[in-house]
Structure formats: C-alpha cells, structure tokens
Amino acid sequence: MARFVLIGSGLAGGLLAAYLGQRGHEVDLYERRADPREGNIVGGRSINLAISTRGIHALEQIGIAEEALKHAIPMRGRIIHDKFGALHFAPYDVDPQKCINSIGRASLNTTVIEAAQRYPKVRVQFNHKCTEVDLDGAIAHLEKTDGAVEAAVSAASPKIISAHGDAIIGVDGAFSAVRKSMQLKINNFHYDESYLAHGYKELTIPPGPDGSWRMEKNALHIWPRKSFMMIALPNPDGSFTCTVFWEFEGPRSFATTKTDDDVHQFFDEEFPDANLARRFPQ
C-alpha cells in the first residue's frame, strides 16, 4: 500500500482521505486552519451547499450519506423573487421526492473528516500550513501555526516539519501552496489564471420569533438581477444563509455601496422583500 500526503482538509481533501483510507492506504492529511469541530469556523466567507444525486452517491461509497443528510433540508424547487416582491415557484422534478438538499459546508466538512478518521491509517493534522513542496522527493514542508512542539520538529526551525509520502496531493483550493510550488519549480509549466468580476458576501436571515423559517423552507430562493443576484438556502435552526454575488466595480457593486445608508437603499430598491436590516432586525 502507498502513503499519501494530502494538503487541505476541505470537502475534497476529507473525502479523498476517506476513500484512500477505505482502500487501506496510509494518509496524512494537513490543514492550515484549526479543527472546525472545536468551533473554529470563520463566518461570512462560505456558501451553503445544495447536494444532489452525484454528491449523495459519493458519500454513499464511504457509508455516510444518511448521516450527512440528517443535517440537510430538502429543496423541491426554486423560488424566484422578482423586483416587485412577487414569487414564482419552479419545481425541480414532477416527483417532489426528487430534490436537492441544503446543507451547511461546515456541517458536511465535519462529517467527512470524521468519516476519514475512522480508518486506522488516516491521520489528520490541523494548524499545519504548507509552505513548500519538494516535487522530486514527494515531501511537503509545513509550518505549525499553533505554537505546539512535537518530536518531528527541526531544531533549526522549531515550527517547521517535513511530511514524506509516495505522493503529495494538493487539495488546498484557492491560493494552493502545492500549485504554487509546481508553477515555480517545473520548467515550462503552463497554466492560466483569471479572476471573476464578481465577489460575494454571506448574509443571514435569522429565524422568526417562534424559531421558524420566515420564508418557504423547502426551496432555494433566488433574487436574479441581471449583473448580480442573491440566493438563500435554509438551515435547520430556522435561519437562511444568503449569498450576494456582486460586481466589484460598477453602478451596483461593492465599490459604490460603502455606508449603512447605501446598503439600506440598495436592498430597498433591488431586494425589497428581503431587506435584512429593516425587515428582520436582530
């Protein structure tokens, strides 16, 4: 069996670690952030997931689909909110049981990581930031970010460790340290990098006074507005996680909406039925 070093314990990294562990391989999974199960979740920079047949099948292969879906809410269609507040429902299928499921990224990530750790040869290390990869030797150099000291720490660099494997796999997403090493060290390494004109911001519609959902819970809510939009997905606690996809520059953009009054005016004009600050005060 082979030994794999995985960099990044997001959904892809955790799932891959479980798949490899299931096959009996040794896996060392490193993540620069702290363990999400200890409450170390950074809010405001995530997008709820809508998991469907393909994702459920992937989870079934390691026996955790039923466990994961305990934290999900079925969405049987999309509700379009027009600029005048009218609602238009479009079902995903004639069979209401065939739907997509809203699930929080952190909840699913935790389930996947715990599934990987059930395999005896899978080890997960948090607070380890990959700084460089030796591509020829399949060695990842990592910096401990929590100040802890362990046996593998080098005396010359007390926070630097080296992880050896038969293969290094980068599943560290945006700003990947593995990809950066490949770009710098492989001659004629061709790559293309481009950036979207849009960014996003996470917002929340809190539960109603009785703890229930303020909108239809079994639907994906969408506010389409040509060059920008907002979506809202339900959570088990009665809230909705909203994501505004917005241009960085332009008449309706992050650049032109700076103050509280700007935000209020924007929602009054573009999303009148979902002005979070006015309609749903905390």
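Numbers for the structure displayed
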item	result
GluC sites (Glu not before Pro) within the range 187-268: DSSP coil, no more than 16 neighbouring Cβ in 10 Å	Glu193, Glu216, Glu249
Qualifying chymotrypsin sites (Phe, Trp or Tyr not before Pro) for the range 47-120 [loop in DSSP, other Cβ within 10 Å: at most 14]	Phe84
Total lysine pairs under 23 Å (Cα atoms) in the chain, excluding pairs fewer than 8 apart on one chain	20
Simple Cβ-charge dipole of the chain, Lys/Arg +1 and Asp/Glu -1, about Cα centre, in debye nearest 20	240 debye
Computed over the range 117-266, Kirkwood Rh from alpha-carbon pairs, angstrom	20.2 Å
Within the chain, percent of DSSP bridges classed antiparallel, to nearest 5	70 percent
The chain, accessible surface, carbon-and-sulfur percent (1.4 angstrom probe)	53 percent
Volume of the Cα convex hull of the range 169-253, divided per residue and given in Å³	155 Å³
Dimensionless Rg over Rh [the chain; C-alpha; Kirkwood]	1.02
Residue-normalised accessible area of the chain, given per residue in Å² at a 1.4 Å probe	56 Å²
Unit charges at the beta carbon, dipole of the range 1-140: most positive-side option, Leu16, Gly55, His81	His81
Spatial separation of Cα centroids for the range 126-140 and the range 61-96, in angstrom	40 Å
The chain: relative contact order as a whole-number percent, Cα under 8 Å and 6+ apart	21 percent
Angle between the chain longest axis and helix 11-22 axis [Cα atoms, degrees, rounded to 10]	50 degrees
Intensity falloff of the range 1-85 expressed as log10 I(q)/I(0), Debye formula with alpha-carbon point scatterers, at q = 0.18, 0.24, 0.26 Å⁻¹	-1.00, -1.31, -1.35
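The values are calculated or read from the model by the stated rules, or taken from the named source; none is laboratory data. Nothing here was measured: the structure is a model prediction, and the numbers come from that model. Neighbour counts are summed over all protein chains in view; Cβ atoms, including those assigned to glycine, are modelled from backbone coordinates with ideal geometry. With ligands, DNA and RNA removed, areas are computed over all heavy atoms of the protein, side chains included. Shrake-Rupley method; radii C 1.70, N 1.55, O 1.52, S 1.80 Å.
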